[in-house]
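Inspection log for the structure reproduced underneath, given as structure tokens.
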Amino acid sequence: MTTYALTDSWTMTRRELAHWARQPGRLVVGLVFPVMLLLMFGYLVGGGRGVSGDYLDYLMPGMLALTMAFGLEGTMLAVTQDLNKGVIDRFRAMPMADGAVLVGRSAADMLQSAVGLAVLIAVGLALGWRPQGGPGSFLAAVGLLLLFRFAMLWIGIHLALVAGKPEMVQAVQILVWPVGFLSNALAAPTSMPGWLGTAVEWNPMSRTATATRDLFGAAGPDAAHIWAAVAWPLALLAIFFPLAVRRFTRMSH
Amino acid sequence: MADTAITVEEVRKRYGDTQALDGLDLTVARGTVHGVLGPNGAGKTTLVRILSTLLRPDSGRVEVAGHDVVRQAREVRLRIGLLGQHAALDEELGGRQNLELFGRLHHLGARHARVRADELLERFDLTATGRKPVRAFSGGMRRRLDLAASLIGNRDGTDPEVLFLDEPTTGLDPRGRAEVWSAVRSLVGGGTTVVLTTQYLEEADQLADRISVVDRGRVIADGTVDELKALTGGDRIDVVLRDAGLLGAALALLPLPAADVTVDPDRRLLSAPVTDRMAALSAVVRALEEAGVEAEDVALRRPTLDEVFLHLTGHDDRTKETV
Ligand SMILES: Nc1ncnc2c1ncn2[C@@H]1O[C@H](COP(=O)(O)OP(=O)(O)O)[C@@H](O)[C@H]1O
Ligand SMILES: [Mg+2]
């Protein structure tokens, strides 16, 4: 019955798109929020401790990675809400492909994140940010960011399936902030006390931010950085994708 | 075999300390309406969830439309419709959007899903809802759309082979209830087998060919509506007096078997089972008139679920929850 896996997933993706069309306001808020963060950290808070050169060049890749990381809570919230709705029973009692519910969710979230990246990049360009690496590097950077988002997505799905309650989403929403900021998104780890700097360097989000910084920068990519930014999300996916799928198919049993 | 739509043998299901189903048996003939009657907590929803592949039984055998619900879940899902106890709809989308979505997921194909959606909207008088999201629907409209969604059914655009309705009218006003009842009746004409759970004997009486009475996860009585009525002491007569002080006198003079009469002084009520409805009614009215005892109301009615349980189990101390 895998013949229906694609059509069912597409149907579920369209369902999410129909939700957007119904409530465009929610989508817009989701897009505006990272822009607000960018403006806040770029112009109000005056971050960039330990950063040499133009702060916007440092901040943009960090904000892009941070936006992808915050996608985790959006996914978790959406899946939790879906699971607590009666309609999930109807999906389960229908002959649709296993996992189409999750694939539809992830396709819609990836699409939203891609649009979010585009908006944030456009705002950056308007503020005077200029990526130096050429079109190939630019696309590679976007690819790494989306790969990271994809890993966050499946962590979000897994957490939603494990926790299952709206209260838990709140807890994760609060936790995502320190984890997001315990990275090199806003400031260089060298400016931090030793243990903190180490934690920050180990944060998978830092790896994605570093590699995208390379790719957007004039100096060009460092192979080790790119590797790390590919390997970490893949490792997270290797753990959380099968966990989430198994959890979902077994849940009601 | 081909005449049996559903076979349930010795099914058990436990949630923590609660034995929700405790060796339940059930056989439903093809093309009939089977009522599962029981109070809150009896295990009705658990049974329906197992029958509709949403829940795996701990033990026992369950076959629906010729397929095992555990090992051949997909085959079962192709042939069933489900109206759960709570609405299973996408609240943000409109009626047509919901039905098209479910039609596509039933693999009707885009065009056919649209046709089927229109047909069902028409049939359940929902065409006028247009693009309004389900969250803005009234309770009756929502239930009707839910029922329509549960009928999306077969690939050839007919109603499903087996339909499960879990308390389809609980929480509906009398008009909504009548609408659901007539929809169920129209289905049976099309050959669909229906399993309907309810807390109302009246509802089972109206719709079902056979009834299983469920208590604490087991079937405690099983039969046609008439067989069950005989088992439960049949219909009852209620006499409400104007003066509570005359209850004792009325008890002595009424042509009813004194041992079976229950007396409720607060409501000035005498209640007793009757076998011949009309004869009992006229005999009671005549006796009251001759003795000059004034009655506020004399009425025939079906026994309530409480009375059925009292009769079948000898206990009616169940804690009732309101839904
Ligand atoms: N998910 C659950 N977890 C724990 N107990 C449950 C769960 N679902 C049902 N029960 C318990 O199982 C028993 C049967 O419930 P249910 O099948 O919903 O009965 P009904 O539908 O007849 O009201 C009840 O005692 C109920 O509290
Ligand atoms: Mg129930």
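FYI, it's all coordinate maths here, none of it is from the lab. Values in this document were obtained by computation on a predicted structure and should not be read as measured data. Here Cβ is always computed from backbone atoms with ideal geometry, including for glycine, and neighbour counts include all displayed protein chains.
Counting only other chains, and only Cβ atoms inside 10 Å, what mean value do you get across the residues of A:77-85? Partner-chain Cβ atoms within 10 Å, mean over residues of A:77-85: 1. Using only the Cα atoms of chain A, each taken as one equal point scatterer with no solvent, compute I(q) by the Debye sum, divide by I(0), and report log10 of the ratio at q = 0.17 Å⁻¹. Reported log10 I(q)/I(0), two decimals: -1.32.
When only the Cβ of Lys, Arg, Asp and Glu is charged (+1, +1, -1, -1), the dipole of the protein assembly as shown relative to its Cα centre reaches about 2320 debye.
Near the amide H of B:Asn40, within less than 5 Å, lie the amide hydrogens of B:Glu321, all on another chain or at least 5 residues away, with H placed in the peptide plane. Ordering A:Gln112, A:Gly220, A:Trp10 by Cα displacement along the dipole of region A:3-250 toward the positive end leaves A:Trp10 in first place; charges were set at the Cβ atoms of Lys, Arg (+1) and Asp, Glu (-1). How high is the relative contact order of chain A, in percent, counting Cα pairs under 8 Å that sit 6 or more residues apart? So the answer I get is 30 percent.
For region A:73-181, calculate the relative contact order in percent as a whole number, restricting contacts to Cα pairs under 8 Å that are 6 or more residues apart.
59
Rounded to the nearest whole Hz, the Karplus-based 3J(HN,Hα) values (6.51 cos²θ - 1.76 cosθ + 1.60, θ = phi - 60°) of region B:94-103 follow the sequence x, x, 5, 4, 4, 5, 5, 4, 5, x, with x at glycine and proline. Here the convex hull built on the C-alpha positions of region A:42-171 has a volume of 136 cubic angstrom per residue.
Report the percentage of all Cα-Cα pairs in region B:49-174 whose separation exceeds 20 Å, rounded to a whole percent.
When all Cα pairs of region B:49-174 are counted, 45 percent exceed 20 Å.
Applying D = kT/(6 pi eta Rh) to region A:1-41, where Rh is the Kirkwood radius over alpha-carbon pairs, T corresponds to 25 °C and eta to 0.890 mPa s, the Stokes-Einstein value obtained is 199 µm²/s. Just how many % of Cα pairs in the protein assembly as shown lie over 41 Å apart, if you round to the nearest whole percent? Here the tail beyond 41 Å accounts for 42 percent of pairs. For region A:77-84, backbone phi angles converted through the Karplus equation (6.51, -1.76, 1.60; θ = phi - 60°) give residue-by-residue couplings of 4, 4, 5, 4, 4, 4, 5, 8 Hz, Gly and Pro being listed as x. Normalised by residue count, region B:110-236 yields a Cα convex hull volume of 135 Å³ per residue.
Taking the DSSP beta bridges with both ends in the protein assembly as shown, the antiparallel portion is around 65 percent. Site pair B:Thr127 and A:Ala118 shows an inter-label distance of 3.9 nm when each label is modelled 7 Å from Cα along Cα→Cβ. Across all directions of projection, what mean area in square nanometres is found for the Cα convex hull of region B:4-230? Taking a quarter of the hull surface, the average projection is 11.9 nm².
Three principal axis extents describe the C-alpha atoms of region A:1-117; from largest down they are 57, 27, 21 Å.
Under the combined filter of DSSP loop state and at most 12 neighbouring Cβ atoms within 10 Å, region B:16-101 retains these trypsin sites (Lys or Arg not before Pro): B:Arg71.
Which peptide among A:24-31, A:58-65, A:224-231, A:183-190 comes first, and what is the full order, when sorted by highest mean count of other Cβ atoms within 10 Å?
Descending packing order for the listed peptides: A:58-65, A:183-190, A:224-231, A:24-31.
Where Rh is the Kirkwood radius over the Cα pairs of region B:236-301, the temperature 4 °C and the viscosity 1.567 mPa s, what D in µm²/s does Stokes-Einstein return?
113
Highest mean packing comes first when the peptides B:275-282, B:119-126 are listed by Cβ atoms within 10 Å, giving B:119-126, B:275-282. Karplus-derived 3J(HN,Hα) values for region A:193-205, using 6.51 cos²θ - 1.76 cosθ + 1.60 with θ = phi - 60°, are x, x, 5, 5, x, 5, 4, 4, 5, 7, 4, x, 5 Hz; glycine and proline are entered as x.
Distances between placed amide hydrogens fall under 5 Å for B:Asp215 paired with B:Ile220, all partners being 5 or more residues away or on another chain.
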